[in-house]
Protein chains: 2
Amino acid sequence: MPWAKGPRERIRLLEGLLSERRLEGAVISGKKEVYYFTGFMSWRLLLPTYLFLRSGREPVLFTGLTDAALASQTFGGRIEVYENYKLEERMVAYPGYVASESEKFIRDYFAGATAIGADSWNLPHSLYAALQRSIPNVEVADISQDILAMRTIKHEDELELISKSCELADKAYAMARSLVTPGRTEVEIYSEIHKELSRLVGTFQYFAGDFVSGERTVAVGGPPTSRVVKEGEPFIFDLWVTTKEYWSDTCRTYVVGGKAEEGLRKLHSIVLKAMEAGIQMLKAGATGAQVYRSIHSVFKDAGYAEFFPHHAGHGIGLDGQEPPFFIPRSSDVLKPNMVVTLEPGLYVPGVGGVRVENDFLITEEGPKQLTKATMSL
Amino acid sequence: MPWAKGPRERIRLLEGLLSERRLEGAVISGKKEVYYFTGFMSWRLLLPTYLFLRSGREPVLFTGLTDAALASQTFGGRIEVYENYKLEERMVAYPGYVASESEKFIRDYFAGATAIGADSWNLPHSLYAALQRSIPNVEVADISQDILAMRTIKHEDELELISKSCELADKAYAMARSLVTPGRTEVEIYSEIHKELSRLVGTFQYFAGDFVSGERTVAVGGPPTSRVVKEGEPFIFDLWVTTKEYWSDTCRTYVVGGKAEEGLRKLHSIVLKAMEAGIQMLKAGATGAQVYRSIHSVFKDAGYAEFFPHHAGHGIGLDGQEPPFFIPRSSDVLKPNMVVTLEPGLYVPGVGGVRVENDFLITEEGPKQLTKATMSL
């Protein structure tokens, strides 16, 4: 069986973590966590999938029979299956059934283990109970936080998917810019962009975000509505585009009809200055608090600090917002191969809201900007 | 505070269940289960929300501060909050943090309890551990199956949402039919329908399904691709439309260009006959197996049984497939206020696939068909 490079590397990291924490194995149950270590996520309704790893043994993916072939395209370990669809008697697999089905396997595989790790934030109690029945004396240590930390450093395959999402977002902005003309509704503009992205990728495309115009921009964000946009108004497009679960998170503010009034132009130029200051701070070793302050101080110096109510950015990956967080007291430290966003914004009643957000790969040589659509209004 | 009728009714049912099972309270943690009993589901990233119910006391929703106002629009019990977004130090709330934050509250609220219920299929181990720390001697009984059974009988508010989803699907079919012309791709047809549905609802609209044409129809289903459709080919549209998480699940088969050849027409007429036979069996008291057989026997009599590889339908609600299941050995029993689908289909290599699916409300007076788009090819 093939074994995709990314999942294999990440399984090795997991083995290292277990060894470091003196654990004899792990049970991984979160949907994204299983995907992270195996490259496999089911698109079917109700198909729980778990990864079992006993140190020194072949890792085992426990999934539904109908998805085994797909799973084996990325995961080279052993695949054990349960019958998720059996016309005679079963159409869907609930976690309780899957946990029961896993018991016999767990009993052999983890025989004699006394301490294993699990992503306890996600671990369903049904599976925990199955573990307790099958390995009576085992202690389950929480490794959720370790996995979350591991996830902040991106592997090559992950960077490819994030870059793809960033490219799609850039293409969406080219459309967005030409669509913000008077008379259209927010939802029409959103749905035209969605249509174009779907065509580009050739199938379903996950895609959401903030689509707010006019006075709605002062509230920072929100889903599109039937509000008709008017000449000269700002329109905030905060696009969340994913490729195989890997996010890009980007923002542009455009002006309906293309001609911005003085008030908006001033906000926009301060926001761009804050973006520039943030980029200067995107270096390995900087803390989340330092990155936040680099942006906040531009707003403060311009006398606009009170109009910047939110964080200055964050990591992206399998979650749209993950560590490092760019907030005042964040001690998260930037490291090479993290992917982060910067999102300075100002929201002034009577004038409007302006936000710009870009995605960056942190490298030893400084930040590499992944989103390139024009930032002009 | 207001208390929406549906959630209030369902909380009462939950109280009845606890009393029947001699349990002193419940901890509900599944996203859909919390929504079912409170009317509230968060759209934010990483905002775990739990329902705590001690028999004889006011139920308590434990959620993030930023969503408390929204939750109070449907849930009239007490709302306890944790700080999910606090600019200084926190942007997202992970289940481990939320479980820890809940401990103090749980300790008082469940003080002295010895047996409570939980939807253990979903219950995160982090919350279970918090329960064990806060109420040391409590036993947690699994009520997942009871809640699943409860969910099969729909309340008035749920029927409204399902009906709305069915109406949207009907509108989508009107579009789909006019769009299946030669030269278009599957994904173009999908994305045009998505655009129109988004406009109709005036914001994001969850919408997926099977979009397969030509020889792809023989494989039953799949997502849309860039395949160009050709005159005379079948196109299977299995549309999954939801309204506030409540599903419709419907299917039509149309012919590209509108003119079906004899082979397809024959399959289609047998499928319609099977649909008719299934409808005759949709009566309170019938079993899932009987419903399956009513459809299967039409295919068998026509000599096509081997070309019907799947189930004959299922319940819908918060899940796209839920009990009752229409499969050979199903002992699920039809009851008034269940909502179910029938989906006879035939897939013949060299000819093509044809499937039709409608949604029905079971009543004492027989089935009420909720999906009305034309079934002709």
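The values are calculated or read from the model by the stated rules, or taken from the named source; none is laboratory data. All figures in this text were calculated on a predicted structure; none of them were measured in a lab. In this analysis, Cβ positions are derived from the backbone assuming ideal geometry, glycine residues included, and neighbour counts consider all displayed protein chains.
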Exercise for review: Scan region A:341-352 and give yes if some residue there is closer than 22 Å to residue A:172 by Cβ, touching a Cys at 6+ places or on another chain (Cβ under 7 Å) and not in a loop (DSSP other than H, G, I, E, B), otherwise no.
Suggested key: no
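The rows are residues; the columns are (1) at pLDDT 95 or above; (2) in a helix (DSSP H, G or I); (3) within 23 Å of residue A:154 (Cα to Cα); (4) of a type outside the set (Ser, Thr, Tyr).
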position: A:37; (1), (2), (3), (4): yes, yes, yes, yes
position: A:42; (1), (2), (3), (4): no, no, yes, no
position: A:48; (1), (2), (3), (4): yes, no, no, yes
position: A:51; (1), (2), (3), (4): yes, no, yes, yes
position: A:58; (1), (2), (3), (4): yes, no, no, yes
position: A:68; (1), (2), (3), (4): yes, yes, no, yes
position: A:76; (1), (2), (3), (4): yes, no, yes, yes
Practice item. Filter region B:105-163 down to residues that are facing chain A (nearest Cβ under 9 Å) and of a type in the set (Gly, Ala, Ser), then give me how many there are. Key: 5
Exercise for review: Being within 24 Å of the chain's Cα centre (by Cα), outside the structural domain of residue A:33 (by TED's automatic domain parsing) and not β-branched (Val, Ile, Thr) narrows it down to one of A:310, A:268, so name that one.
Suggested key: A:310
**Study point:** Test set (1) in contact with a helix residue (DSSP H, G or I) (Cβ under 6 Å, 6 or more places away or on another chain); (2) of a type in the set (Val, Ile, Thr); (3) within 14 Å of chain B (Cβ to nearest Cβ) - residue A:92 fails condition number
**Key:** (1)
**Study point:** Breaking point among (1) farther than 18 Å from residue B:370 by Cβ; (2) surrounded by 17 or more Cβ atoms within 10 Å (Cβ to Cβ), for residue B:279
**Key:** (1)
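Let's see how each residue does on (1) out of contact with any His (no Cβ under 7 Å at 6 or more places or on another chain); (2) within 30 Å of residue B:150 (Cα to Cα):
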position: B:294; (1), (2): yes, yes
position: B:299; (1), (2): yes, no
position: B:303; (1), (2): yes, no
position: B:307; (1), (2): yes, no
position: B:310; (1), (2): yes, yes
position: B:326; (1), (2): no, yes
position: B:344; (1), (2): yes, yes
position: B:347; (1), (2): yes, no
Check your understanding: Could you count how many residues in region B:181-193 are of a type outside the set (Asp, Glu), crowded, with 22+ Cβ neighbours inside 10 Å and touching a strand residue (DSSP E or B) at 6+ places or on another chain (Cβ under 9 Å)?
Key -> 4
Review point. For residue B:163, are the conditions met, namely being modelled with pLDDT of 95 or more and touching an Asp or Glu at 6+ places or on another chain (Cβ under 8 Å)?
Key: no
Review point. What single numbered condition from (1) within 14 Å of chain B (Cβ to nearest Cβ); (2) closer than 25 Å to residue B:330 by Cβ fails to hold for residue A:29?
Key: (2)
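Residues checked against (1) under 27 Å from residue A:164 (Cβ atoms); (2) free of Cβ contacts under 8 Å to residues at least 12 places away in the same chain; (3) more than 14 Å from chain B (Cβ to nearest Cβ):
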residue: A:186; (1), (2), (3): yes, no, no
residue: A:195; (1), (2), (3): yes, yes, no
residue: A:209; (1), (2), (3): yes, no, no
residue: A:225; (1), (2), (3): no, no, no
residue: A:230; (1), (2), (3): no, no, yes
residue: A:233; (1), (2), (3): no, no, yes
residue: A:249; (1), (2), (3): yes, no, no
residue: A:252; (1), (2), (3): yes, no, yes
residue: A:261; (1), (2), (3): no, no, yes
Exercise for review: Keeping to region B:299-351, report how many residues are hydrophobic (A, V, I, L, M, F, W, C), farther than 25 Å from residue B:162 by Cα and touching a strand residue (DSSP E or B) at 6+ places or on another chain (Cβ under 8 Å).
Suggested key: 4
Review point. For region B:232-243, does any single residue satisfy the condition of being at pLDDT 95 or above and assigned to a helix (DSSP H, G or I)?
Key: no
Check your understanding: Checking residue B:114 against (1) touching a residue at least 40 places away in the same chain (Cβ under 8 Å); (2) under 29 Å from residue A:148 (Cα atoms); (3) of a type outside the set (A, V, I, L, M), which test does it fail?
Key -> (2)
Practice item. Take region A:198-215 and flag every residue that is surrounded by fewer than 20 Cβ atoms within 10 Å (Cβ to Cβ) and under 18 Å from residue B:199 (Cβ atoms). Key: A:199, A:208
Check your understanding: Among A:169, A:208, which is the only one that is modelled with pLDDT under 95, under 27 Å from residue A:309 (Cα atoms) and within 15 Å of the chain's Cα centre (by Cα)?
Key -> A:208
Exercise for review: Check A:142, A:146 and return the single one that is surrounded by 15 or more Cβ atoms within 10 Å (Cβ to Cβ), in contact with a Leu (Cβ under 6 Å, 6 or more places away or on another chain) and modelled with pLDDT of 95 or more.
Suggested key: A:146
Check your understanding: Filtering region A:307-333 down to residues that are surrounded by fewer than 22 Cβ atoms within 10 Å (Cβ to Cβ) and small (Gly, Ala, Ser), which residue is nearest to the other protein chains (Cβ to nearest Cβ)?
Key -> A:320
Revision key, fill the gap. Counting only residues in region B:78-112 that are among the aliphatic types (A, V, I, L, M) and not in a strand (DSSP E or B), the one farthest from residue A:327 (Cα to Cα) is identified as B:111
Practice item. Look through A:44, A:57 and report the one residue that is surrounded by fewer than 21 Cβ atoms within 10 Å (Cβ to Cβ) and within 18 Å of residue A:245 (Cβ to Cβ). Key: A:44
